[in-house]
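Peer 1: Quick one: the structure is below, questions incoming.
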Amino acid sequence: MTGVVASVHPAGSLVAAAMSARLVKIVDHDVIRHNLDVLRSAAGGRKLMPVVKGDAYGLGAAAVARTLVAAGVEALAVDTVAEGLALRAAGVASPVLVMDLDVPENAAACVAEGLTPTVAAAEHARRYAELARDRDQPVTVWLRTNIGFNRFGPRDGFAALLDELAEYTGRLRFAGLFAHLTSSAWEEAETAAQAAEFADRLAAARARLGPDLVGSLAATHGLVHAAALRGTAWIRPGIGLYGTVATSARHLSGWPDSGLDRLRPAWQVRARVLDVVTVTRPEGLGYDRTAPVFPGQRIASVAIGFSRGLTASANGFSGLLHGRRCSLVGRPGMDCTQIDVSDVPRARAGDWLTVLGTCDGATVTASELADELGCSPYELMATFHMPVSHTGLPPIPHTEGNGQ
Ligand SMILES: *Cc1c(COP(=O)(O)O)cnc(C)c1O
């Protein structure tokens, strides 16, 4: 959330300025627009509901949403009611689907702010039908169905569920049916089977809840499978918008035609070099002297540590300094981490280390960094908490006059 504060008050906050002079995540909105175009072509005329959950995967949901809305997306998707409310508070008026089930206490705020809740069972439909009755206005909902993800909604008994839900069609408008694929980043056969199951459920839902109900199955990696698009009206891309695709997806047969190799990284991370120490004795580094160091070795402390997502599980962490790869020595600290700059004689306090992104022709990708840290690119994006600097943002629309 720090990122949002920094982006909303670029110069107004001393704290944000002091933080971003040390460590910054740079988000390029021209690249987000480019990626949106790539995803739009891959979607073949379907509507886009880009996913800005997890503070837009750590890039700043309010800013990213502003770019997406200005670029004409038809809706947005988040995980939680709180995330949807934050978008409304930031002046986003578009339809917003809350994809996960939330706690009953948040249902009234969801409806009052015009967010679109997800239902997966009759009890959820009853909850929103009661709110519709209180408001004397129908509530629009999407139905989430479980085709093997097993996080939300019953796996079996879909026809019986539709019979129960049909009782609420007066109070509720069932706008769509969606499901999440389990293996679209690497598995063709399983994805095809899940897509077939989804198609059957979509046909049944239309027959029971109304012919206007539409379907949505593909997220980013679903776009690589023709089967996951067939018969659907919406796509819900997240990570692709930010420029990352699972390496495994490049081996899928649909990859060449998907056009997704045109996606470009939309964010970079740079951390400042705080000091460079030349080792003079065969001692160790940090607590317990865990890492041995040797005379002549040059150790730079850089302004990123585990409080910013560079966790102690880091084994192969490296960054780019003057175009050279420099590797971690010892273990990350709270706010700084040490790298070996013995091969970079020019290294000085005040330099910027490229933690992620491109420097003098060399690049560290999100997938590479995630591999080094032993996490997925999704986890990397969500745990790298630091000030965000936005380039290429569209102007603030004048309807957003709430002083933010
Ligand atoms: C996160 C999520 C998405 C977006 O997935 P990506 O792989 O980031 O494109 C779409 N749908 C649901 C239900 C999600 O949870």
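The values are calculated or read from the model by the stated rules, or taken from the named source; none is laboratory data. Computed from a predicted structure; not experimentally measured. Neighbour counts run over all protein chains shown; Cβ positions are idealised from the backbone, glycine included. Side chains included, ligands, DNA and RNA excluded: accessible areas come from the protein's heavy atoms. Shrake-Rupley method; radii C 1.70, N 1.55, O 1.52, S 1.80 Å.
Peer 1: Using the Cα centre of segment 149-238 as the reference point, and only Cβ charges (+1 on K/R, -1 on D/E), how large is the resulting charge dipole? Debye, rounded to the nearest 20. Let's see the in-between values first.
Peer 2: Details: 9 positive and 10 negative charges, 68 e Å.
Dipole size: approximately 320 debye.
Peer 1: Something else now. Under a 1.4 Å probe, what is the accessible area of segment 260-365 per residue, stated in Å²?
Peer 2: Ligands and nucleic acids excluded, the result is 50 Å² per residue.
Peer 1: On alpha-carbon atoms, Rg over Rh for segment 221-311 using Kirkwood Rh?
Peer 2: Expressed as Rg/Rh, it is 1.27.
Peer 1: If you find the alpha carbon centre of segment 292-313 and of segment 274-291, how far apart are they in angstrom?
Peer 2: One Cα centre to the other: 10 Å.
Peer 1: Moving on. Ranked highest first by average number of other Cβ atoms within 10 Å, how do 244-253, 203-212 line up? Kindly include the intermediate steps, with their values, before the conclusion.
Peer 2: On the way: 244-253: 17.0, 203-212: 14.8.
Going by the mean number of other Cβ atoms within 10 Å, highest first, we get 244-253, 203-212.
Peer 1: What whole-number value in cubic angstrom gives the convex hull volume per residue for the C-alpha atoms of segment 112-216?
Peer 2: 97 Å³
Peer 1: For n ≥ 4 DSSP H runs only, could you compute -39500 (n - 2.57) per run for the chain, divide by its residues and tell me the 222 nm figure to the nearest 500?
Peer 2: After summing the helix terms and dividing by residue count, I get -9000 deg cm²/dmol.
Peer 1: Which percent of the accessible heavy-atom area of segment 247-404 goes to carbon and sulfur, probe 1.4 angstrom?
Peer 2: 51 percent
Peer 1: Oh, and also: Once the cut-off is 12 Å, how many percent of the Cα-Cα pairs in segment 200-239 end up in the long-distance tail?
Peer 2: More than 12 Å apart: 57 percent of the Cα pairs in segment 200-239.
Peer 1: Give me a comma-separated list of calculated 3J(HN,Hα) values for segment 176-181, in order, Karplus coefficients 6.51, -1.76, 1.60 applied at θ = phi - 60°, integers in Hz, x for any Gly or Pro.
Peer 2: My calculation for segment 176-181 gives x, 10, 9, 8, 10, 7 Hz in order.
Peer 1: Now a separate question. Please compute, over every Cα-Cα pair in the chain, the percentage with a separation greater than 34 angstrom.
Peer 2: Result: 37 percent of Cα pairs exceed 34 Å.
Peer 1: If the only charges are +1 at each Lys and Arg Cβ and -1 at each Asp and Glu Cβ, what is the size of the charge dipole of the chain around the Cα centre, to the nearest 20 debye? Intermediate results must be reported in sequence, preceding the final value.
Peer 2: Values: 37 positive and 40 negative charges, 148 e Å.
Around 720 debye, computed over the chain.
Peer 1: All other residues with a Cβ under 15 Å from the Cβ of residue 304 taken together, and with Lys, Arg as +1 and Asp, Glu as -1, what is their net charge? Walk me through the numbers before you get to the answer.
Peer 2: Details: positive: 22, 25, 270, 272, 308, 331; negative: 275, 335, 351, 372.
Here the count lands on +2.
Peer 1: So for segment 144-185, taking the charge dipole from beta-carbon charges (+1 Lys/Arg, -1 Asp/Glu), which of 183, 165, 145 sits furthest toward the positive end?
Peer 2: 183
Peer 1: Provide the packing ranking of 279-285, 326-332, i.e. peptides ordered by the mean count of other C-beta atoms within 10 Å per residue, highest first.
Peer 2: On the way: 279-285: 13.0, 326-332: 21.0.
Ranking, from highest mean packing down: 326-332, 279-285.
Peer 1: Under the classification rounded if a/c is under 1.5, otherwise prolate if a/b is larger than b/c and oblate if not, where does segment 33-113 fall, given a ≥ b ≥ c as square roots of the Cα gyration tensor eigenvalues?
Peer 2: prolate
Peer 1: Could you estimate the translational diffusion coefficient of segment 97-154 from the Stokes-Einstein equation, with Rh from the Kirkwood formula over C-alpha pairs, at 10 °C and 1.306 mPa s, in whole µm²/s?
Peer 2: D, rounded to a whole number, is 137 µm²/s.
Peer 1: Could you state how much accessible area residue 149 has, in square angstrom rounded to the nearest 10, with a 1.4 Å probe and all protein chains kept in place?
Peer 2: 60 Å²
Peer 1: Over the Cα atoms of segment 218-268, what Rg and Dmax result, in angstrom?
Peer 2: In Å, with Rg to one decimal and Dmax whole: 10.9, 37.
Peer 1: Give, rounded to the nearest 20 debye, the magnitude of the charge dipole that segment 59-195 has about its Cα centre when Lys and Arg contribute +1 at Cβ and Asp and Glu contribute -1 at Cβ.
Peer 2: Value, rounded to 20: 380 debye.
Peer 1: Within 10 Å, count the other beta carbons around each residue, average over each peptide in 128-141, 336-349, and list them highest first.
Peer 2: 336-349, 128-141
Peer 1: What is the diffusion coefficient of segment 274-333 in µm²/s, taking the Kirkwood radius over Cα pairs and the Stokes-Einstein relation at 37 °C with a viscosity of 0.692 mPa s?
Peer 2: It diffuses with D of about 266 µm²/s by this estimate.
Peer 1: Would you tell me the accessible area of residue 34, worked out with a 1.4 angstrom probe on the heavy atoms of the protein chains, in Å² to the nearest 10?
Peer 2: Roll a 1.4 Å probe over it and residue 34 shows about 50 Å².
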